[in-house]
1. What angle do you read, to the nearest 10 degrees and between 0 and 90, between the alpha-carbon axis of helix 290-304 and the longest principal axis of the chain?
2. May I ask for the percentage of alpha-carbon pairs in the chain that lie more than 36 Å from each other?
3. Among the lysines, which have Cα under 16 Å from the Cα of K138 when same-chain residues fewer than 8 positions away are ignored?
4. Which residue, G36, G107, G60, tops the fluctuation ranking in a GNM of the chain built on C-alpha contacts under 10 Å?
5. With springs connecting C-alpha atoms under 10 Å apart, model the chain as a Gaussian network and identify which of S176, S197, S48 has the largest mean-square fluctuation.
6. With runs of 4+ DSSP H residues as the only contributors, calculate the mean residue ellipticity of the chain at 222 nm using -39,500 (n - 2.57) per run, divided by the residue total and rounded to the nearest 500.
7. Restricting things to Cα coordinates, could you compute the convex hull volume per residue of region 114-259 in Å³?
8. On a straight-distance basis, which aspartates and glutamates could pair with K245 in a cross-link, Cα separation under 15 angstrom, same-chain partners fewer than 8 positions away excluded?
Amino acid sequence: MKVGILQFFGWRDRSVPLNSVYETALDRFITMDQTGYDAVWLAEHHFSSFSVCPSVHLMGTMAAARTKNLRIGTAVSLAPFYNPLRLAEEVALLDVLSGGRVNWGAGRGFERSEFAAFNIPGEESAPRFHETVDIVLKAWTNQRLTYKGRFYEYDGVEVLPKPLQTPHPPVWMAASSTPAIDWAASLGFSILMDPHSSRPDLIAKRRHYAAKLIEAGFSDSGRIIPMSRLVAVDETAEKAHAVAKRVAEWTIASYVGNSHNAVRQGTVRDFGGKDPVDFYLDDVMIHGTPESVIDQIQSFGEQIGMNYLMAAPMSGRSFRLLTDKVLPRIAS
């Protein structure tokens, strides 16, 4: 399988200078470029120390400047928060500057505080997302853009630059809910699968997506579907478990717990009836020694037909052991 890294920019300890979070990530990109990773996927978030990267396109230029082979993925550009033309320009410019190495992942977002701060009504999030994606793709593939939609209207606008890749960079849509999966499949989009779903849920969603693709007249064969997993690797199972537990507690408190209001209806999570931390440890995260992690990844890959692992290392040591011990055994 191909292996990429989902790069968060968590600022868990505010006594540590924020710039060190970015420096660590930039050093990691160089290592990734030299060790066989397919891509770095940059996570966009706003107004939270869970991940302090409000511009994946700006960060992408930094990644591109330090690498030669690594593809630069957005996971994701939160499309409703952008003017569509500005988004089309920024991603196209990144593609040109990187020598045609962009993977464009777009998503709707779900954190209510972000929509409130950007003054976007929650009920508009999905239609704004859909319209923005439509405009971006048309801006890339038409010399001039004329468009009339619900939120945006343009008359003969020449959007420059165009992407270096033709007709445009490969495109994925973030899809964690059933409506999002159904919409992506209905239009033939490939999808990104999120790091917070349980393994059984991820398997069910993947099968549902395949069925909906076929129903819409598209083929599922050979599609690259990156699946995100939080991964902790250490010398002993106990050490890896301790890392995973710390990250589970942080993730629930800062981003996905029920104290965080989702903009989508019906998204309050029950964590499978478990304690939230136990849910993450038992059903979501991959953690253990290098050999155990290899076995878990291979077993999960066989269950679901996973052809792309988007790993989110839970510590610096996890990244190093993933790179040195796990990647050579699983990457193709």
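1. 50
2. Of all Cα-Cα distances in the chain, 15 percent exceed 36 Å.
3. Partners found: K148, K162.
4. Evaluated over the chain, the most mobile residue of the options is G36.
5. S48
6. Roughly -12500 deg cm²/dmol at 222 nm, from the helical runs in the chain.
7. It comes to 184 Å³ per residue, whole-number rounded.
8. Filter leaves D234, D275, D278, D282, D283.
The values are calculated or read from the model by the stated rules, or taken from the named source; none is laboratory data. For clarity, every value in this text was computed on a predicted model and none was experimentally measured. Keep in mind that these areas ignore ligands, DNA and RNA; they rest on the heavy atoms of the full protein, side chains included. Shrake-Rupley method; radii C 1.70, N 1.55, O 1.52, S 1.80 Å.
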